[in-house]
Amino acid sequence: MSEQAQMDAIAYSSKMLDWSPLGKLFFVICLLIVGLLTDSILVTLITFTIGLILMGYSTHFRVPLILTLAIGEAILIMILGSGMISIMGDANQPALWDGKFLWFTVHMTDASFQKAWVIFFRAIAGVTLMLSFACSTPIPHLAHALRSIKCPPEICELIVLIYRYAFLLLERFLIMLDAAQCRLGYNGAMTAVKSYAGAMTGTFIFSLELAEKSEASLACRNYRGYFPIYRMPQKMGVKWFAITIILVVALFLIGRETAGWIDMTAIFAPYMGW
């Protein structure tokens with residue numbers, strides 16, 4: 001089964017399928033915003049937990065392999081980014097760790113170390129929340145929700161078409177990589193670079209050919225800029241708005257009162273010798 005088919009199967013079998021797409025989107029965005037407005041690690045952990053609970057309830061953590069790899073890559077980028085932030089502290093403040101690491105000048109302070117952890121937990125919470133939304137909302141439902149808030153129809157159409165055809169390009173790219181592997185295309189660094197370059201070039205050319213064929217195919221099927229939905233999703237009611245606002249206000253107040261409660265420096269100090 002292709003990655004697109006897996007994503008569609010997960011979304012249409014989700015227990016959150018019948019929930020309002022616009023309500024879920026509003027809920028996720030508000031939680032992301034409140035996480036950015038507070039420096040409390042406790043609030044980011046709460047939003048992260050909410051995201052995990054929603055993912056578990058929606059899909060029982062069944063995620064396609066390609067999406068799992070993308071999540072792993074995103075987490076690696078978060079770790080590297082947070083690590084860079086932690087070692088770029090203010091030179092006028094006392095250092096927890098000062099020196100040279102490879103070609104970097106390291107000056108880790110308590111403030112930079114704490115900030116790095118806050119940013120890391122914000123990013124992780126954002127990933128889980130957005131995944132809980134993506135794995136429970138089919139793309140046609142999302143496009144319908146965006147049209148209901150007066151989003152330009154061209155943007156809605158692009159979202160659906162990019163989603164539909166991006167997986168075809170990815171599948172073709174992976175096929176080219178497998179073909180190169182069968183022909184010893186990764187025997188050496190330069191050979192591997194040439195194989196990847198050839199696969200990317202071939203995928204680009206295929207995308208142009210696919211665009212021409214798809215335009216003709218859609219025209220033959222009387223495509224008018226949107227994919228029909230035969231079972232319309234629920235609209236966003238007052239309940240969604242009330243629950244979201246109450247939760248966001250509560251998290252914001254918790255963030256104001258609990259800023260600095262979790263001291264990551266104190267937690268790691270016994271192990272790092274600070």
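The values are calculated or read from the model by the stated rules, or taken from the named source; none is laboratory data. Predicted model only: the values in this text are computed from it and were never measured. Quick reminder, even Gly has a Cβ in these numbers, built from the backbone with ideal geometry, and neighbours come from all protein chains shown. Protein only, heavy atoms only, side chains kept; ligands, DNA and RNA dropped before computing areas. Shrake-Rupley method; radii C 1.70, N 1.55, O 1.52, S 1.80 Å.
Scan the range 120-132 and tell me whether some residue there is farther than 25 Å from Met16 by Cβ and either in contact (Cβ under 8 Å) with a residue 24 or more places away in the chain or open to solvent by 40 Å² or more (accessible area, probe 1.4 Å) (or both).
The answer is yes; a qualifying residue exists.
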Worksheet item: Taking Trp117 and the conditions (1) within 30 Å of Lys239 (Cβ to Cβ); (2) open to solvent by 50 Å² or more (accessible area, probe 1.4 Å), which numbered condition does it fall short on, given that it satisfies the others?
Response: (1)
Fill in: Residues within the range 49-68 that are in a helix (DSSP H, G or I) and either under 12 Å from the mean Cα position of the chain (by Cα) or in contact (Cβ under 8 Å) with a residue 40 or more places away in the chain (or both), tallied
12
Fill in: Candidate set from the range 145-196 (those that are part of a helix (DSSP H, G or I) and among the small types (Gly, Ala, Ser)); member that is surrounded by the most Cβ atoms within 10 Å (Cβ to Cβ)
Ala145
Fill in: From Phe241, Phe227, residue being within 26 Å of Cys135 (Cβ to Cβ), of a type in the set (Phe, Trp, Tyr), touching a residue at least 12 places away in the same chain (Cβ under 8 Å) and open to solvent by 70 Å² or more (accessible area, probe 1.4 Å)
Phe241
Worksheet item: Do the conditions hold for Asp98, that is, is it open to solvent by 60 Å² or more (accessible area, probe 1.4 Å), closer than 30 Å to Lys213 by Cα and either of a type in the set (Ser, Thr, Tyr) or out of contact with any helix residue (DSSP H, G or I) (no Cβ under 9 Å at 6 or more places or on another chain) (or both)?
Response: no
